[in-house]
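Asks: Please find one structure pasted underneath; my questions will follow.
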Amino acid sequence: GLIFVVYRFGVPLLASGAALVTPQPIIVAMDRGTLETVDRTVFSPTELAEERQKALHDMFGELAQIAGDDGPALRLELRQGGMIGANALALPGGTIIVTDELVGLARSDDEIAGVIAHEIGHVRERHSLQQIYRVLGIGFMVGLIGGDASQLVDDVIVQASALQTLVYSREFETHADLYSVGLMAKAGRDPLAFVGLLDRVVEDAG
């Protein structure tokens, strides 16, 4: 019973606290390492037209400005999704990746904006970092926050691409959905548009 309580409540609580106090250079290293890994193993350069890329970056900039600077600086990366296909993901340091396939499935910019806002929610709530801590455990948290972190950072960079594919908890997804709705409303966009896009992503993935 004690083991269950520690696993069910203690580890998430510790992960949340550790995510809040993780030094920014460590987060940046995780972010950079994860992007390098997935670029090498999964993604390829975007094939979207330059005009379309600019429009997406402009839309992202609008959402990032409204989201404010309470957390890591936000950055958009566009990629061909490869085996991941139509998807978007948020890295710990504020990098948000959107695949060409996801853009292709969208029927409006509001749909894409809603997904981006959802991923911004993951960044602002530090869900990616908490997920990494939950998977790697208490020893990793203690070493990273209070000890020599160099080898630990190397380890997480090696494992980061696998960790990023893990499904967020229902709690994290609900928080990101609510964040997306609020951010989209502030931007004057349809806050529920992304629901239709997510349905098509599920259909596309089978």
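The values are calculated or read from the model by the stated rules, or taken from the named source; none is laboratory data. This one's a predicted model, so the numbers in the text were calculated from it and none came from an experiment. Methodologically, a virtual Cβ is constructed for each residue, glycine included, from the backbone with ideal geometry; neighbour enumeration extends over all protein chains shown. Ligands, DNA and RNA are excluded from the accessible area calculation, which covers all protein heavy atoms including side chains. Shrake-Rupley method; radii C 1.70, N 1.55, O 1.52, S 1.80 Å.
Asks: Tell me the strands (runs of 3 or more DSSP E) entirely within segment 63-132 that contain at least 1 residues that are under 14 Å from the mean Cα position of the chain (by Cα) and touching a residue at least 60 places away in the same chain (Cβ under 8 Å).
Replies: Filter on segment 63-132 gives 88-90, 95-99.
Asks: So which residues in segment 61-89 are over 15 Å from Arg124 (Cα atoms) and either among the charged types (D, E, K, R) or modelled with pLDDT of 90 or more (or both), if there are any at all?
Replies: Gly61, Glu62, Glu77, Leu78, Arg79, Gln80, Gly81, Gly82, Gly85, Ala86, Asn87, Ala88
Asks: Just give me the residues in segment 57-83 being surrounded by fewer than 20 Cβ atoms within 10 Å (Cβ to Cβ) and farther than 30 Å from Pro23 by Cα, in sequence order.
Replies: Matches in segment 57-83: Gln80, Gly82, Met83.
The rows are residues; the columns are (1) farther than 25 Å from Pro191 by Cα; (2) in contact with a Gly (Cβ under 6 Å, 6 or more places away or on another chain).
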position: Pro23; (1), (2): yes, no
position: Val28; (1), (2): yes, yes
position: Arg32; (1), (2): yes, no
position: Glu36; (1), (2): yes, no
position: Val42; (1), (2): yes, yes
position: Lys54; (1), (2): no, no
position: Phe60; (1), (2): no, no
position: Ile66; (1), (2): no, no
position: Asp70; (1), (2): no, no
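Asks: Within the group Leu183, Leu163, Leu197, which residue is open to solvent by less than 40 Å² (accessible area, probe 1.4 Å) and modelled with pLDDT of 95 or more?
Replies: Going through Leu183, Leu163, Leu197 in turn, just one is open to solvent by less than 40 Å² (accessible area, probe 1.4 Å) and modelled with pLDDT of 95 or more: Leu183.
Asks: Let me ask you something else. So, in segment 93-131, exactly how many residues are farther than 20 Å from Arg189 by Cα and open to solvent by less than 10 Å² (accessible area, probe 1.4 Å)?
Replies: 8
Asks: OK, next. Looking at Leu14, Leu35, Leu56, can you tell me which residue is modelled with pLDDT under 80 and part of a helix (DSSP H, G or I)?
Replies: Just a single option satisfies the conditions, and that option is Leu14.
Asks: Output the residues belonging to segment 38-53 that are in a helix (DSSP H, G or I) and open to solvent by less than 40 Å² (accessible area, probe 1.4 Å).
Replies: Within segment 38-53, Val38 is the sole residue that qualifies.
Asks: Going by what's in this entry, would Glu51 be described as at pLDDT 90 or above and either closer than 21 Å to His122 by Cα or under 14 Å from the mean Cα position of the chain (by Cα) (or both)?
Replies: No, not satisfied.
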